[in-house]
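Asks: I'd like to ask you about the structure that follows.
The values are calculated or read from the model by the stated rules, or taken from the named source; none is laboratory data. Just so it is clear, the structure is predicted and the values come from calculations on it, not from any experiment. All Cβ positions, even for glycine, are placed from backbone atoms using ideal geometry, and neighbour counts span all protein chains on display.
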Amino acid sequence: MNLFLIGYRCTGKTTIGKSVAETIDWRFVDADTMLVGECGRQIKDIVDTEGWQAFRRRERSTLKQICMQKRQVVATGGGVVLDADNVRAMQGCGIIIGLGATADTIRKRMLQDITTATFRPALTDRGLVKEIEDMLSKRNPCYESASDFFIHTDGIPVVEITQTIIQKIKHRIGE
């Protein structure tokens with residue numbers, strides 16, 4: 001079994017994923033970092049030169065590799081749920097945990113993250129705030145429907161979110 005963290009950019013997938021993995025002594029995997037490592041190019045470069053469709057194909061391939069292993073906490077890319085095959089793959093080998101935050105929280109986190117410009121290409125040409133609002137309205141239903149459970153991360157300490165996730169997992173698997 002694996003644990004998959006899904007959600008929009010800057011909802012806490014990597015930070016919380018690392019905390020959960022350390023707490024339960026599982027391997028942490030960042031799917032986007034794995035993809036970048038395998039192809040030797042940043043996501044922005046892939047998208048700029050090959051387009052989003054090519055990136056999504058690479059993302060699907062990376063997720064298939066991840067699903068072949070067990071006992072991993074996986075921080076997925078924000079758009080992983082846009083492909084129904086990805087959702088089925090995650091459901092087939094683990095528990096999916098949705099993470100959410102308000103548009104304002106996401107904007108603040110993105111502006112504080114020095115890797116945003118190179119690691120997170122723009123999804124629209126509408127400006128940061130409008131892009132976040134538009135994408136959340138489109139993607140939140142996908143995150144919520146794919147998740148076994150959903151947690152809002154606004155203003156909640158990582159340790160508290162970690163404990164909530166572990167309690168929910170134990171309840172789900174009957175421990």
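Asks: Take the residues in segment 22-36 that are assigned to a helix (DSSP H, G or I) and under 17 Å from the mean Cα position of the chain (by Cα), then tell me which one is nearest to Arg9 (Cα to Cα).
Replies: Filtering first and then ranking leaves Asp32.
Asks: Related question: Looking at segment 127-175, which of the residues that are out of contact with any Phe, Trp or Tyr (no Cβ under 8 Å at 6 or more places or on another chain) and hydroxyl-bearing (Ser, Thr, Tyr) is modelled with the lowest pLDDT?
Replies: So the residue we want is Ser137.
Asks: Just to be sure before I move on: is Ala101 buried (at least 16 other Cβ atoms within 10 Å of the Cβ) and aliphatic (A, V, I, L, M) in the structure I sent?
Replies: Judged against the criteria, Ala101 is a match.
Asks: Hey, among Thr118, Thr124, Thr62, which residue is out of contact with any Phe, Trp or Tyr (no Cβ under 6 Å at 6 or more places or on another chain) and either assigned to a strand (DSSP E or B) or at pLDDT 95 or above (or both)?
Replies: Thr62
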